[in-house]
Amino acid sequence: MKHTGKDLFYERVLAVAGLGLLAVLLYRILEPFFAPMAWAIFLSFLLQPAQARLTSWLRGRDWLAAFALTLVVLLMFVGPLTAIAIAFARQASDLAVLLQQWLGQQEARSLADLSHLPVIGSALAMLDQYAHVSAVEVQAWLLAGGKRLLERLAAMGGTAFLGAVGTVLSFTAMLFLLFFFIRDGRAMANAAIRLVPIEPERREDLAARLAAVTHAVVRGTVLTAIIQGLLLGIGFAIVGLPAPVVFGVIGAVLSVVPFGGTALVWVPAVAVLLAQGRYTAAIALVVVGAIVSSVDNFLKPLLISGRAFVPTLAVFIGVIGGLAAFGVIGLFLGPVVIALVLALVSFALEPGSKSR
């Protein structure tokens, strides 16, 4: 039986409609697993070198190596990370209470102390002279904004890690997916690359480019941010400032800001110490802050070690946008996605990407 042009047209329309329907259904099925899947992909990528070494030690038993690494992740989540999340929530709540007490009991004395500081006093005087904004208004804005921020952080802090994965079911799904991504992740990535309709040599170049960019973001940016936040939190604890875990986490997030970075956290803390007359502690925190801020200059190039360069602006947009869109996992997923998109665009614009 011969098919007319009209019949072929209807068959194609039905095929496209069927594929569209399947795509929508697949999206609805996978939607609850997006967050666990993102965590599993990210963690499996970090654990691939360990998986290769462990598989070699276990004489090719890749399933056993993947199971051991999945068990390590489980212990990390229910142990140290949960403890950090609880400490974060408690310290953020205590800090909000301290701010409220300071606002109610020490308002006048605090304003006088701030006005006598060399830099801050001049800035407050300029604001009052040129913008007609008094020191009282500045203090009220800062305290109100800080209190709201800390209350939000305290509300999300108790579930910052396990809550980012979701419910217990989602956490279980993440572990289940993680085992297979660790064991078969390399094969999955190679299969996905083979689907790209370009020449084989260009396909290998694309795979190497994407791997280099991902390593650059994860190792050079995310790991550097974690180290800076850790050092900043230790510095806050050494000088006796409250909530070192909270400010360490905030410092890690702000470390990707192109201008300021962790200085946006430790410079105001130094001003507070000076206002309290704790000059030795202020000098010590300046030293710690300078060390933390300089980590980018020597640690990031060492971690990247010749891998692909990722613009700071792309990382900043990825962190902020990823956090808003995906929650905690967005801190890691956002910069990776932005960097991969830029790498794909750059790859497509190269002369060798044109079809023969």
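The values are calculated or read from the model by the stated rules, or taken from the named source; none is laboratory data. Keep in mind that what you see is a predicted model, and the values were worked out from it rather than measured. Here Cβ is always computed from backbone atoms with ideal geometry, including for glycine, and neighbour counts include all displayed protein chains. Ligands, DNA and RNA are excluded from the accessible area calculation, which covers all protein heavy atoms including side chains. Shrake-Rupley method; radii C 1.70, N 1.55, O 1.52, S 1.80 Å.
Does residue 50 satisfy the criteria of being out of contact with any Ser or Thr (no Cβ under 8 Å at 6 or more places or on another chain) and either open to solvent by less than 50 Å² (accessible area, probe 1.4 Å) or outside any helix (DSSP H, G or I) (or both)?
Working: out of contact with any Ser or Thr (no Cβ under 8 Å at 6 or more places or on another chain): yes; either open to solvent by less than 50 Å² (accessible area, probe 1.4 Å) or outside any helix (DSSP H, G or I) (or both): yes.
Considered against the rule, which asks whether it is out of contact with any Ser or Thr (no Cβ under 8 Å at 6 or more places or on another chain) and either open to solvent by less than 50 Å² (accessible area, probe 1.4 Å) or outside any helix (DSSP H, G or I) (or both), residue 50 comes out as yes.
Residue 60 meets the conditions (1) modelled with pLDDT under 85; (2) open to solvent by less than 80 Å² (accessible area, probe 1.4 Å) in every case but one. The failed one is (1). Residues of the stretch 235-250 that are under 16 Å from the mean Cα position of the chain (by Cα) and either of a type in the set (S, T, N, Q) or open to solvent by less than 20 Å² (accessible area, probe 1.4 Å) (or both): 246, 248. How many residues are open to solvent by less than 60 Å² (accessible area, probe 1.4 Å) and of a type in the set (Phe, Trp, Tyr) when one looks only at the stretch 251-282? Within the stretch 251-282, residues that are open to solvent by less than 60 Å² (accessible area, probe 1.4 Å) and of a type in the set (Phe, Trp, Tyr) number 1.
What are the residues in the stretch 299-318 that are among the β-branched types (Val, Ile, Thr) and either at pLDDT below 75 or closer than 13 Å to residue 220 by Cβ (or both), if any? Don't jump to the end; show me each part of the working.
We begin by selecting, within the stretch 299-318, every residue among the β-branched types (Val, Ile, Thr); these are 304, 310, 312, 315, 317.
Those that are among the β-branched types (Val, Ile, Thr) and either at pLDDT below 75 or closer than 13 Å to residue 220 by Cβ (or both): 304, 310, 312, 315.
Looking across 202, 219, 186, one residue alone is open to solvent by less than 50 Å² (accessible area, probe 1.4 Å), of a type in the set (D, E, K, R) and either out of contact with any His (no Cβ under 7 Å at 6 or more places or on another chain) or over 30 Å from residue 60 (Cβ atoms) (or both). It is 202.
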